[in-house]
Amino acid sequence: MLLRVRVALPDRPGSLAQVTRVLGAAGADITQVTVLDRGAGRAVDDITVFCPESTPKDSLGKSLQGVPGVTVEGIWTTREAPGTYPELEILKYITTAGDRGLTTLVDSLPVLFSADWAATSTGQGVVYASWRAPQRVTLPAEIPPRPVARTLDDGLHVIHAPLPPLALTLLLARSEGPAFHRTEVHRLARILEIFLSLPATERSVARQLRK
């Protein structure tokens, strides 16, 4: 199984090596490391690992907690293909998707962000949701001026983002693992900016809403 491991650790030589040794001893094959944050002597890294199905997440977390100065912020399953540039691939598909540009985007975001599901709404109801979304999707009533990360009362981690030119809002949800990091929020904001700047986006979404 493919897992995402988020750790906070001292930002000094050797710290990451200690983490990778523990992961290797637990049978985890590291496929990708992404630095999310650095500052004040600390770093936050997302490490993508392939583990045997028999490896419990809890035991992996306990092993990492034994490394001095390391805090495990979350371990959760992911579907993202490591070592690639998925945003570029998705944006390529969107530019040629015609009226399916919005649905292609919504279906792709959970994979890009190791999340569970995504949905768009007009405020009066859901326009489109990815296949793992619950039957009833409730978006926060207050629309933020820009994408923001929140944890809802039921513990669901989300990024809530406005799509002003389309009169839509978007919700990206993760039930497992940590809250969305500000780096992830910025990454989503950039993807949405590019999507909204495509010449055919408004026309294709308008046609979809009329169907």
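The values are calculated or read from the model by the stated rules, or taken from the named source; none is laboratory data. Since the model is a prediction, treat every value here as computed from it, not as a measurement. Neighbour counts are summed over all protein chains in view; Cβ atoms, including those assigned to glycine, are modelled from backbone coordinates with ideal geometry. Ligands, DNA and RNA are excluded from the accessible area calculation, which covers all protein heavy atoms including side chains. Shrake-Rupley method; radii C 1.70, N 1.55, O 1.52, S 1.80 Å.
Points to keep in mind about this one:
- Since only 199, 22, 41 are under comparison, the one whose Cα sits farthest along the positive direction of the charge dipole of the chain, derived from C-beta charges on Lys, Arg, Asp and Glu, is 199.
- Three-way shape label, segment 1-88, alpha-carbon gyration tensor, a/c 1.5: oblate
- Pairwise label distance in nanometres, residue 122 with residue 96, each label 7 Å out on the Cα-Cβ vector: 3.1
- Calculated from backbone phi, Karplus (6.51, -1.76, 1.60) coupling profile of segment 24-38 in Hz, x at Gly/Pro: x, 5, 7, x, 8, 9, 6, 10, 6, 10, 10, 7, 8, 7, 8
- Averaged over its residues, the chain has an accessible area of 51 Å² per residue, based on protein heavy atoms and a 1.4 Å probe.
- Here's how it looks for residue 36: its modeled amide H is under 5 Å from those of 44, 45, 46, which are all 5 or more places away or on a different chain.
- Carbon and sulfur %, accessible surface of segment 1-119 computed with the full protein complex present, 1.4 Å: 56
- Which of 148, 9, 127, positive extreme of dipole for the chain (C-beta unit charges): 127
- Using alpha-carbon coordinates, inclination of helix 101-112 to the longest axis of the chain, degrees: 10
- The chain: relative contact order as a whole-number percent, Cα under 8 Å and 6+ apart: 18
- 0 to 90° range, to nearest 10: angle between helix 201-210 axis and the chain longest Cα axis: 70
- Gain on full extension, evaluated as 0.36 nm per residue between residue 37 and residue 71 minus their Cα-Cα distance, stands at 10.8 nm.
- Amide H to amide H, with H built 1.01 Å from N, residue 73 comes under 5 Å of 6, 7, 8, counting only residues 5 or more places away or on other chains.
- The charge dipole of segment 23-78, taken about its Cα centre with unit charges on the Cβ atoms of Lys, Arg (+1), Asp and Glu (-1) only, comes to about 180 debye.
- Cα gyration tensor shape for segment 72-154, rounded if a/c is under 1.5, else prolate or oblate: oblate
- For segment 32-82: rounded, prolate or oblate by the Cα gyration tensor [a/c cutoff 1.5]: oblate
- Dipole size of the chain about its Cα centre, with +1 on Lys/Arg Cβ and -1 on Asp/Glu Cβ: approximately 320 debye, rounded to the nearest 20.
- Dipole check for segment 1-113: with +1 at the C-beta of Lys and Arg, -1 at the C-beta of Asp and Glu, and the Cα centre as origin, the magnitude is about 300 Debye.
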